[in-house]
1. Among 389, 375, 367, which is touching a helix residue (DSSP H, G or I) at 6+ places or on another chain (Cβ under 7 Å) and exposed (fewer than 14 other Cβ atoms within 10 Å of the Cβ)?
2. Mind listing whichever residues of region 549-563 are open to solvent by 40 Å² or more (accessible area, probe 1.4 Å), touching a residue at least 12 places away in the same chain (Cβ under 8 Å) and of a type in the set (Gly, Ala, Ser)?
3. Report the residue count in region 72-128 for those that are in a loop (DSSP other than H, G, I, E, B), at pLDDT below 90 and surrounded by 20 or more Cβ atoms within 10 Å (Cβ to Cβ).
4. Considering only region 143-157, state which residues are buried (at least 22 other Cβ atoms within 10 Å of the Cβ) and closer than 17 Å to residue 179 by Cβ.
5. Can you tell me which of (1) within 20 Å of residue 188 (Cα to Cα); (2) crowded, with 20+ Cβ neighbours inside 10 Å; (3) not small (Gly, Ala, Ser) is the one residue 131 doesn't meet?
6. Looking at region 284-300, is at least one residue within 19 Å of residue 382 (Cβ to Cβ), open to solvent by 50 Å² or more (accessible area, probe 1.4 Å) and of a type outside the set (A, V, I, L, M, F, W, C)?
7. Here are some conditions: (1) among the β-branched types (Val, Ile, Thr); (2) open to solvent by 60 Å² or more (accessible area, probe 1.4 Å); (3) in contact with a Phe, Trp or Tyr (Cβ under 6 Å, 6 or more places away or on another chain). Residue 449 meets all but one. Which one does it not meet?
8. Out of the residues in region 264-283 that are farther than 27 Å from residue 328 by Cβ and small (Gly, Ala, Ser), state the one that is most open to solvent (accessible area, probe 1.4 Å).
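The values are calculated or read from the model by the stated rules, or taken from the named source; none is laboratory data. Only a predicted model underlies this, so the values are computations on that prediction, with no experimental measurement involved. Neighbour counts are summed over all protein chains in view; Cβ atoms, including those assigned to glycine, are modelled from backbone coordinates with ideal geometry. For accessibility, only protein heavy atoms count, side chains too; no ligands or nucleic acids. Shrake-Rupley method; radii C 1.70, N 1.55, O 1.52, S 1.80 Å.
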Amino acid sequence: MELRKSALISFRGIVHYNGAMRFLLHYAIPATVSLTFGLVFGLWLGDSTPDSAAPLVTNRSVSQSSPVIPSVPVTEAQHKFSEIRGFDTIFEKLHFTYQLASNSNLAELTEMLEQVVGDPDPLLSHNVAGILLEKMLVIDPLHALAFIDSHREMEKRYFTAHILTSWVRHDPDSAIDYFKGINNQQLQYAIGARLLDDPTLEHTGLISEIELALGPQSEQLLEQARLKRMAPASAFEEAILRTDHRRQGAMMRAIGRWFQQDPDGALQRITGLANTAERDQLLQMVISIQAQQDPRAALNTIRNFAPDNLNLRRQALSIFAQRDPVGSLASVEAWVAETGNYDLVGRLVAKWILLDETSALAYLSTVPQGSRTQVYQNLAHAYISVSPVNGMNWLMSLGPEFDQTVKRSALNSLGNHPDVAEGWISRLTGEPELQSILLAQVAGRKAQVNPVQAYQWLQQYRNSQAYQQASIGVLHAWAQTDPATVANMIDSRLDDPAYAQIVMNTAGAWVSKDQDAALSWIDALPSSDAKVHAVNSVIHRLADPDVLIPLIKDLPLSAQSSVKLQLAHSWAQKSPGQIDAIIQQLELNEANADALRNQTMNSSGLDPRVFNSGRIRQLSGFSPTTSNR
């Protein structure tokens, strides 16, 4: 009976293939709603605690030391466990695990767990591991916790919570005693929230011990747990009487639970509220929740309780159209007739075309000419993303009037289908703008893998109008890995404004790899805008900014002042106490010097009297230096 009880208890957590979702499911849905509607369903505690921050602790009711995990020879049960990978269905694997675990001892369970811990298949590393831990828990809970603690590849927060929430049903007093000894606050809060929700503890007297362990700093968590144990209607009436800043959140959480249990009762209570702003907000919240679950029902609710709320109606219709394009067609057409807005038609057809391409495309022909741009914009991205070949054939069959409004943006959807995009490049020779978009996309993706090969591939389009834009994108990627080569390649294009960003990227990447070589290249550049771009790009990357002073003096006179000021700000951030010496070294004019002092004073927090008295130089011990360059 005990094994059977253990199996039943453990089975509640392994319904889904992804074992990690077992821990999140109870919280993720309410947390998602709470983010959207102001903490509707309760507190979500993020899993930001590193494994090492969750040590196992014990106290008075359990052993003061964790048991040592034994190493045992492979037994027949362990050998048989390797057969689990041969079963075809999830049910067979789980059933096999239950049968094997029911007749295994502690050492055998330990060895079987060793085979699945860290497995990339979550069915094994979470679901199957959970079953084995459940049986281990029946034999020795501390042994199960010690196993988790000794395997860093296990998700400590998830599995520790798994053990504690099961242990509390086997031996609540010992489990709560262990819980009170956990010295990791975030772990304790996460587990405490689950324990407070456990209905088996409600009448045991242990709730107060959990609350005491969580402490006064967890007041909000405790308050939400208390309200969740109340009937939602009672919790809502209590929330209405509140006058603090948590009133609205408490009302929304309570009405959210109430609506899940008794939609009609919750709606009647909402419509009876005297405060119209709160009534509209709560009504919008519950209808939005209902629309995610049953858009048809949500539309009926809107007709009965909020017939004039077009935003709610559009929201429900949008979900309805994407879930059931054919079934929602009449409702969407009624919306179009009433509002003249065709945006929902595009969403409907985008889903419909995946189910019945012929019918969906035929329906498009019924859309008035003046509304087709809006519909096509909504359709194009979805169509190309899921069916790139057919989607592109349809897109390029559209007339030239849709080049700017539909085609240009839709072509970006081919980013995940480079083979299809590459095939269309040569077919767009007569449309250079569209060809340029595709060529840049394909070349850019190839450059991410190997910029040299991407550049070589691109040469076949050298005579195309789209070539320069695509080549610039490739050179950007290439400059990150081999700036010296790119510097040589762009030597004859330095005066071309289109290459300004490449000059900056090349200089910045090069100075990070080889400062002397990069500065020599910049120094050799002619006094030009290109040299200004290069100097600006390295200012913030240098530990010793004064090496740029000789380079600045060779810049065009029109750019020297702004570059000096940029260098001064970067320098002052590193050495705010050297402000006067920086001003002197860079020969800043009075206006720029005052601006530098003000910004440095505000950002550094230095005493203004130090700036005004000229004591910076004396206090810092800094004296201007002459660059070696």
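1. Working: 375 fails: exposed (fewer than 14 other Cβ atoms within 10 Å of the Cβ); 367 fails: exposed (fewer than 14 other Cβ atoms within 10 Å of the Cβ).
One residue alone meets the criteria, 389.
2. Selection gives 561 alone.
3. 0
4. If the condition is that a residue be buried (at least 22 other Cβ atoms within 10 Å of the Cβ) and closer than 17 Å to residue 179 by Cβ, then 144, 145, 148, 156, 157 are the ones that fit.
5. (1)
6. In the first step, residues of region 284-300 are kept if they are within 19 Å of residue 382 (Cβ to Cβ); the result is 295.
Cutting the leftovers down to open to solvent by 50 Å² or more (accessible area, probe 1.4 Å) gives us none.
Looking through region 284-300, none of the residues is within 19 Å of residue 382 (Cβ to Cβ), open to solvent by 50 Å² or more (accessible area, probe 1.4 Å) and of a type outside the set (A, V, I, L, M, F, W, C).
7. It fails just one condition, (3).
8. Filtering first and then ranking leaves 274.
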